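Only one structure is covered here, and it is reproduced in the block below.
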Amino acid sequence: ERRELLEAVHLDPGVRRLAANPLLLTILALMRRQGVTLPERRVELYDRYVETLLSSWNRARGLGRPSAQDLDVVETMRILAPLALWMHQVNPGVGLVKQGELERKLIAIYAERREAEPERAARQFLADVREHAGLILERGAGQYGFIHLTFEEYLAAVGIARLGQRERGLVVNVLAEHIDDPAWQEVALLTIGYLGIVQQWEEVASDVVEALLVRRPGAPGQAVVVAGEAVADAWPGGVTPACKEKVVWALVETLE
């Protein structure tokens with residue numbers, strides 16, 4: 001098992017980046033113990049990570065003691081995704097927000113979802129993800145953040161991808177707005193990957209990529225490069241062959 005885990009870590013740069021963190025390496029080992037085959041694509045790995053943290057992390061670290069509360073993965077993600085997107089918008093690349101601001105945003109999210117008692121729900125949610133999953137931690141006096149910046153990036157990508165349920169143009173707008181910002185690069189790639197691989201909406205992912213090719217926001221060639229990296233990340237299966245072909249031609253044109 002140790003050999004297989006080390007091979008998986010060394011073969012994939014995305015896995016290697018996560019394994020550099022002791023806690024995340026521990027969760028990787030837990031996933032291997034559970035017989036989970038580590039996926040080759042980062043977006044699938046993040047998906048498994050979050051599910052493991054929300055569902056079985058407490059049982060594993062209990063070491064035989066009665067298990068703590070498991071969180072509903074689907075319902076928790078519906079809160080975490082817009083929360084992470086907001087955090088990345090207000091403080092990109094830093095991963096920290098003040099406790100009062102975090103609580104107000106959670107209350108607003110629950111109010112939008114027509115929760116009967118949004119203040120109580122927000123307090124309970126923050127306590128649950130902090131105590132039972134360890135996803136959000138107090139990092140310094142009165143400041144909160146995700147256990148690793150990569151989780152904020154992934155969950156922000158999920159938040160953007162979920163905008164596509166209403167209109168895919170909203171996804172294009174957010175990605176276009178931040179196309180030149182290095183702090184949003186990974187978020188852009190994970191958004192396309194989440195749409196095409198996790199959600200299996202390869203046509204939606206392709207539409208978003210092609211819209212960026214048409215709009216070409218940012219510095220000359222920047223949108224085309226991001227589109228190329230996103231397709232390379234999501235291939236095979238995350239985008240359509242026709243989309244891949246268009247991106248290849250756009251990259252050739254840009255190079256010329």
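The values are calculated or read from the model by the stated rules, or taken from the named source; none is laboratory data. Being a predicted model, the structure only gives us computed values, none of them experimental. Backbone-built Cβ (ideal geometry, glycine too); neighbour counts: all protein chains shown. Just the protein is used for accessible areas: all its heavy atoms, side chains included, with ligands, DNA and RNA removed. Shrake-Rupley method; radii C 1.70, N 1.55, O 1.52, S 1.80 Å.
Of the listed residues K98, K105, the order by accessible area with a 1.4 Å probe, largest first, is K98, K105. Here is the list for segment 154-221: GluC sites (Glu not before Pro) lying in DSSP coil, each with at most 14 other C-beta atoms within 10 angstrom of its C-beta, are E167. Helix 202-215 axis versus longest C-alpha principal axis of the chain: approximately 60°, rounded to the nearest ten.
In segment 141-256, the ratio of gyration radius to Kirkwood radius, Rg to Rh, stands at 0.99 when only Cα atoms are counted. Mean sequence separation of contacting Cα pairs (under 8 Å, at least six apart), scaled by the length of segment 106-253, corresponds to a relative contact order of 17 percent.
For the chain, calculate the relative contact order in percent as a whole number, restricting contacts to Cα pairs under 8 Å that are 6 or more residues apart.
15
Straight-line cross-link partners of K98 among the aspartates and glutamates, defined as a Cα under 19 Å from its Cα and at least 8 positions apart when in the same chain: E119, D128, E131, E138, E152, E153.
Helix 99-112 and the longest principal axis of the C-alpha atoms of the chain enclose an angle of approximately 70°.
Of I136, I107, I197, which has the largest mean-square fluctuation in a 10 Å C-alpha GNM of the chain? Looking only at I136, I107, I197, the biggest GNM fluctuation is shown by I107.
Based on alpha-carbon atoms, the Kirkwood radius and the radius of gyration of the chain give Rg/Rh equal to 0.98.
Among G100, G164, G238, the residue with the largest mean-square fluctuation in a Gaussian network model of the chain, with springs joining Cα atoms closer than 10 Å, is G100. Seen from G95, the other residues with C-beta closer than 10 Å to its C-beta sum to a net charge of -1, counting Lys and Arg as +1 and Asp and Glu as -1.
Using Cα atoms only, what is the angle between the long axis of helix 222-234 and the major principal axis of the chain, expressed in degrees (0 to 90) to the nearest 10? The answer is roughly 60 degrees. Counted over all Cα-Cα pairs of segment 96-169, pairs farther apart than 16 Å make up 58 percent.
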